[in-house]
1. Looking at the stretch 39-94, which GluC sites (Glu not before Pro) are DSSP coil and have at most 11 other C-beta atoms within 10 Å of their C-beta?
2. From the cross-link list Lys33/Lys75; Lys33/Lys104; Lys52/Lys84, which pairs have alpha carbons spaced over 19 Å apart?
3. Per residue, what accessible area does the stretch 33-93 have, given a 1.4 Å probe and all protein chains present, in Å²?
4. May I ask you to list the chymotrypsin sites (Phe, Trp or Tyr not before Pro) in the stretch 14-104 that are in a DSSP loop and have at most 14 other Cβ atoms within 10 Å of their Cβ?
5. Taking K and R as +1 and D and E as -1, what net charge do the other residues with C-beta under 10 Å from the C-beta of Glu30 add up to?
6. Count charges around Gly44 for me, please; just the other residues with Cβ under 13 Å from its Cβ, Lys/Arg as +1, Asp/Glu as -1.
Amino acid sequence: MLRAALVAICLAVFPAAAVAAGNTHAVRIEGMKFIPERLEVAAGDIVVWTNKDFLPHSVTAREARVESGDLAPDKSWRFTARKKGEMRYICRLHPVMKGVLVVK
Ligand SMILES: [Cu+2]
């Protein structure tokens, strides 16, 4: 419980940092890119995408039925990676933006 609270505080204070505290991973959306573009996590880990751009973005993987909805600037979206394998995702609003989440 305390650990979860600390992670939440870290993410609130350092949203732009690639915070990887235990099983929580951060992906920054900036300059029309997912940073890092490819992220490997363990099943059960949490991934938090934060939009640091001045326009909305999304995290969308249609096949995996994963959809963040539109993320306004400075908004975050938290996802628990349960299914093992490679999940390729895009920004639904700018499909040239691509990322890969590898769940091991
Ligand atoms: Cu976008």
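The values are calculated or read from the model by the stated rules, or taken from the named source; none is laboratory data. For clarity, every value in this text was computed on a predicted model and none was experimentally measured. Backbone-built Cβ (ideal geometry, glycine too); neighbour counts: all protein chains shown. We work out accessible area using only protein heavy atoms, side chains counted, and drop any ligands, DNA or RNA first. Shrake-Rupley method; radii C 1.70, N 1.55, O 1.52, S 1.80 Å.
1. Numbers: sites: Glu40, Glu63, Glu67, Glu86; in loops: Glu63.
Filter output for the stretch 39-94: Glu63.
2. Table pairs above 19 Å Cα-Cα are Lys33/Lys104; Lys52/Lys84.
3. Numbers: 3710 Å² over 61 residues.
Per-residue value: 61 Å².
4. Working: sites: Phe34, Trp49, Phe54, Trp77, Phe79, Tyr89; in loops: Phe54.
Here the chymotrypsin sites (Phe, Trp or Tyr not before Pro) that fit, given the DSSP loop and packing criteria, are Phe54.
5. Numbers: positive: Arg28, Lys33, Lys52; negative: Asp53.
After counting each charged neighbour, the total is +2.
6. Details: positive: Arg82, Lys83, Lys84, Lys104; negative: Asp45.
Around Gly44, the charge tally is +3.
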